[in-house]
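Working notes, beginning with the structure itself.
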Amino acid sequence: MLVFVKLGGSLITDKHVEASYRGEEVERLAGEMHRGLQSIPDLQVVLGHGSGSFGHFAAKRHDTIHGVRTPEQWRGFAEVSVAAADLNHRVAMTFHSAGVPVWRLQPSASAQCHNGHLESLAMTPVHTALAHNLVPLVYGDVALDDTIGGTIISTEVIFAYLARQLQPNRILLLGEVAGVYDSSGDVIPVITRDSFETVKSELIGASGVDVTGGMLAKVQEMLDLAAVVPDLEAWIVDGRVPDLLESALLGNGIPGTRITAG
């Protein structure tokens with residue numbers, strides 16, 4: 001059983017306050033993952049997290065996602081990479097302290113994009129980590145781009161690339177919302193490709209600073225992925241709920257929005 005888990009930037013940081021790390025929240029989540037891994041010996045996890053108030057603030061200042069050309073923009077590119085790596089170090093140390101054997105894999109060390117689209121990413125470290133029961137840890141990061149110089153790749157984009165190679169059974173996207181809301185504020189229980197056009201106009205965007213497209217982009221990316229990865233289920237769930245991550249890893253009732261090919 002292979003599960004991808006993304007900790008949203010809104011969950012592990014305060015996205016309205018630059019460089020604010022919610023350490024206690026991450027400690028709880030790390031403990032839940034540790035218990036889940038202990039309960040299911042054949043469970044494998046790829047862990048990722050957003051950049052939240054670390055990378056997004058710097059990226060917005062320099063508009064990095066739309067290209068890197070001038071000397072000032074390249075300095076901004078480097079600033080974003082340092083901010084994203086800072087948060088990743090904190091997350092890694094928290095999970096390590098909880099007994100989760102994470103291996104930090106820096107996406108920008110190998111990622112290559114073409115006009116904003118991720119074309120390649122080193123897979124050998126990921127395969128090696130999983131083969132030896134480690135948890136590869138990735139994160140939203142900068143990336144070189146052969147058309148626009150540089151850009152940003154979100155964790156969802158990285159997951160989409162990895163999922164095509166690894167064929168996970170489940171993707172869990174943990175944020176600070178109970179799922180995808182409609183215009184009435186109710187959680188949409190299931191979104192399929194057939195129902196997407198109907199609910200798209202009702203989707204509520206992510207709060208705070210978000211340069212990677214918010215909730216609409218997340219749903220679209222997961223639907224695209226479900227179309228090419230057999231039997232994949234992606235879930236958008238509330239990571240603030242105690243024990244929800246452990247329960248979801250074990251495959252017990254998952255409250256939230258399920259995204260599937262249908």
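Measuring from label point to label point, each 7 Å out along Cα→Cβ, what is the Glu18 to Asp63 span in nm?
Placing both labels 7 Å along Cα→Cβ, they lie 1.9 nm apart.
Pick from Asp238, Asp224, Asp194: which residue has the top mean-square fluctuation in a GNM of the chain where Cα pairs under 10 Å get a spring?
Largest GNM mean-square fluctuation: Asp194.
Across segment 247-252, in residue order, what do the Karplus-derived ³J(HN,Hα) couplings come to in whole Hz, using 6.51 cos²θ - 1.76 cosθ + 1.60 with θ = phi - 60° and x for Gly and Pro?
4, 5, 5, 7, x, 6
Using the Karplus curve 6.51 cos²θ - 1.76 cosθ + 1.60 with θ = phi - 60°, what ³J(HN,Hα) values do you get for each residue of segment 118-128, in whole Hz, with x for Gly and Pro?
Computed from phi, the couplings for segment 118-128 are 5, 9, 8, 7, 4, 9, 4, x, 5, 4, 5 Hz.
How big is the Cα convex hull of segment 1-42 in projection, averaged over all directions, in nm²?
For segment 1-42, averaging the hull's shadow over all directions gives 3.2 nm².
With springs connecting C-alpha atoms under 10 Å apart, model the chain as a Gaussian network and identify which of Leu43, Leu29, Leu87 has the largest mean-square fluctuation.
Among Leu43, Leu29, Leu87, the largest mean-square fluctuation in the Gaussian network model of the chain belongs to Leu43.
Pull up the DSSP beta bridges for the chain and report the antiparallel fraction as a percent, rounded to 5.
30
Note down the relative contact order for the chain as a percent, whole number, built from C-alpha pairs under 8 angstrom at least six residues apart. Write out the running numbers ahead of the final one.
Values: 536 pairs, mean separation 60.7, N = 262.
After rounding, I find 23 percent.
Spelling out what I want: for every residue of segment 183-197, take phi, set θ = phi - 60°, compute 6.51 cos²θ - 1.76 cosθ + 1.60 (Karplus), and round to whole Hz; glycine and proline get x.
Computed from phi, the couplings for segment 183-197 are 5, 8, x, 8, 6, 7, x, 9, 10, 10, 4, 5, 8, 4, 4 Hz.
Compute the relative contact order of segment 71-137 as a whole-number percentage, counting only Cα pairs closer than 8 Å that sit 6 or more residues apart in sequence.
That works out to 28 percent.
Rank-order 62-72, 151-161 by packing density, defined as the average count of other C-beta atoms within 10 Å over each peptide's residues, highest first. Mind dumping the intermediate values first?
On the way: 62-72: 15.8, 151-161: 24.5.
Ranking, from highest mean packing down: 151-161, 62-72.
With charges set only on the Cβ (+1 for Lys and Arg, -1 for Asp and Glu), what does the dipole of the chain come to about its Cα centre, in debye to the nearest 20?
Computed about the Cα centre, the dipole is about 380 debye.
None of the figures in this text is laboratory data; all of them are computed from the coordinates on show. Keep in mind the model is a prediction, meaning the values are calculated, not measured. Every residue, glycine as well, gets a Cβ built from its backbone with ideal geometry; the counts of neighbours run over all protein chains shown.
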